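Student: Below is one structure. I have some questions about it.
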Amino acid sequence: MTERFEVSAALRASLPHALLDTLRHHLAAAYGATSVRLLLTDYGGTVLNPYDSSGGDDSSLPISSSPEGRALGSQERREQQTSQGEAIDHHLPVTVRGDRIGILSVRLPTGRSTPTVLDELRQVAEQLGHEVLVAERDTDVYQRARRVGRLTVAAEMQWQLLPARACTTAQYAVGAQLEPAYAVHGDNFDWASDADGLTLTVTNGMGQGVEASLLTHLAVSALRNARRAGVGLADQAALADQALYHHYRGTSYVSTLLLHLDLATGHMEIIDAGSPQMWRLRGKSVERIDLDKQLPLGMFEESHYTTESLTVEPGDRLLFVSDGVYEAPSPRDGKYAERALARALHATRLLPAAMAPGALLRDVAEYREAQTLDDALVLCFDWFGNDLR
């Protein structure tokens, strides 16, 4: 226990770019670790990229077929015997509130791989995740290590705008993914919670490239500004609508789905201001939730917005998709929503909310059989219920 506290104190005192070097030094001294690697989930959610300031192996590992990837998917520690048989590689998830940042791999002598030591390493990996998120305010090295290619300027703007890619609590889980991950421009998502509720927004800005990203950036910032002022959902939409119209005068607008969930009751207020769709998986039943269509944000001056109601039940999964998903065409079978979306929802129902969006987007890519520049967004929301009532 003393060793873990020393490692924790060292991480907190470390220079932002030197977290892995600091950790490598202290784990060697405290536990006899002979190798310490940090692998970070890439923007596409398909590979683990090594962050290694010592200049070691820099090859990416597939999440779908590597021991490290299986540890990320299961969120459980995985062991891998070394070829010499005298040491064990322990792959530990680095996760912060459900956001799967990556994997910490620690090689220990077989005799040092005790339950007590492994539990302490699990806690070290958890703290490392928090320290990486804090360090990213002051260094680019971790974000640089997540990339298997160069992001476009528009994609850079969109990823910096996001809250996280997943969040898990006792009551709910949220996960989302954007594609093409390295060239997304207009699609975005946002969420925020407090003691009483959770607010979700799914946004699709019109246009291409940086112009679409600038439009979405203004919309999300205006919605956050209104939300943080403490106003209700309808006023959030109205204030964002005014901000967009004032700047673009109706020449550009944003399709948005806004939702606020009362955590005590499962009651939702929803505003459908455009193209994102909402689907529900309840038991074995999949259905699209038809909502009252209202004007996209920024299309006309001083648009008025009203909320409608929906209640979720424990076990419900809600899926929010942009038009790049449900309108994805296949050369043989028509649009994705007409032929494949319900099937994909069933096929991914056992995946956690953090993993389901990526799996569904891979299914969309296979369905259309061709690359496209259209944005595609999937946000998955699981409601577990409130046991505090």
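The values are calculated or read from the model by the stated rules, or taken from the named source; none is laboratory data. Every value quoted in this text rests on a predicted model; they were computed, and no experiment measured them. Cβ atoms come from the backbone with ideal geometry, glycine included; neighbour counts cover every protein chain shown. Calculation scope for accessible area: heavy atoms of the full protein, side chains included, ligands and nucleic acids excluded. Shrake-Rupley method; radii C 1.70, N 1.55, O 1.52, S 1.80 Å.
Student: Residue 246 to residue 211: FRET efficiency via 1/(1 + (r/R0)^6), r the Cβ-Cβ distance, R0 22 Å, to the nearest 0.05? Numbers along the way, then the final one.
Tutor: Numbers: r = 17 Å, r/R0 = 0.78.
In this case the efficiency is close to 0.80.
Student: Right, next: Hey, rough spin-label estimate for residue 21 and residue 119, points 7 angstrom out along Cα→Cβ, what's it come to in nanometres?
Tutor: 3.4 nm
Student: Can you work out the FRET efficiency for the pair residue 333 and residue 169, with r the C-beta to C-beta distance and R0 = 56 Å, to the nearest 0.05?
Tutor: 0.90
Student: Then there is this: 222 nm [θ] for the chain, helices only, -39500 (n - 2.57) per DSSP H run of 4+, per residue, to 500?
Tutor: Helices in the chain give a 222 nm mean residue ellipticity of -10500 deg cm²/dmol.
Student: Which whole number in µm²/s is D for the stretch 184-330 by Stokes-Einstein, with the Kirkwood Rh taken over Cα pairs at 37 °C and 0.692 mPa s?
Tutor: Stokes-Einstein gives a translational diffusion coefficient of 211 µm²/s.
Student: Another question, then. Taking every pair of Cα atoms in the stretch 3-87, average 1/r, invert it to obtain the Kirkwood radius, and report Rg/Rh to two decimals.
Tutor: A ratio of 0.98.
Student: Carbon and sulfur atoms: what percent of the 1.4 Å accessible area of the chain do they account for?
Tutor: Ligands and nucleic acids excluded, carbon and sulfur reach 50 percent.
Student: So, one more: Quick check: the distance between the Cα centres of the stretch 70-94 and the stretch 359-381, to the nearest angstrom?
Tutor: 31 Å
Student: A further question follows. In bins 10 Å wide, starting from 0, what share of all Cα pairs of the stretch 334-375 does each bin hold, as a percent?
Tutor: Over the stretch 334-375, the share of Cα pairs per 10 Å bin runs 27, 55, 18 percent.
Student: For a quick check: with amide H placed at 1.01 Å from N, whose amide H comes under 5 Å from residue 263's, ignoring anything fewer than 5 positions away on the same chain?
Tutor: Excluding prolines and chain starts, which carry no amide H, the hits are 197, 198.
Student: Related question: If you build the Cα gyration tensor of the chain and take the root of 5 times each eigenvalue, what three semi-axes come out, in whole angstrom, biggest first?
Tutor: Semi-axes, largest first: 39, 22, 21 Å.
Student: On each of the three principal axes of the Cα atoms of the stretch 16-171, give max minus min coordinate, whole Å, ordered largest first.
Tutor: 50, 41, 30
Student: Continuing with this model, one more query. Please return the longest range in the chain lying between exposed loop sites, taking GluC sites (Glu not before Pro), DSSP loop only, at most 12 other beta-carbon atoms within 10 Å, and leaving the sites out.
Tutor: Answer - 87-300.
Student: Dividing the alpha-carbon radius of gyration of the stretch 304-361 by 2.2 N^0.38 Å (N being the number of residues), what value is obtained?
Tutor: Details: Rg = 14.0 Å, N = 58, 2.2 N^0.38 = 10.3 Å.
So the Cα radius of gyration is 1.36 times the expected 2.2 N^0.38 Å.
Student: Which FRET efficiency, nearest 0.05, do residue 302 and residue 70 yield, Cβ-Cβ r, R0 41 Å?
Tutor: Working: r = 53 Å, r/R0 = 1.30.
Using R0 = 41 Å, I get an efficiency of 0.15.
Student: Near the amide H of residue 47, under 5 Å away, which other amide H atoms are found, from residues 5 or more places off or on another chain, if H is placed in the peptide plane?
Tutor: It is 42, 63, by chain and number.
Student: Which length gain, in nm to one decimal place, applies between residue 156 and residue 225 when the Cα-Cα distance is subtracted from 0.36 nm times their residue separation?
Tutor: Residue separation times 0.36 nm, minus the Cα-Cα distance, leaves 22.7 nm.
Student: If you average 1/r over every pair of different alpha-carbon atoms in the stretch 137-217 and take one over that average, what Kirkwood value in Å do you get?
Tutor: Every distinct Cα pair counted, the radius reaches 13.9 Å.
Student: If you don't mind, another one. Before I look further, what does the chain give for accessible area per residue, probe 1.4 Å, in whole square angstrom?
Tutor: 45 Å²
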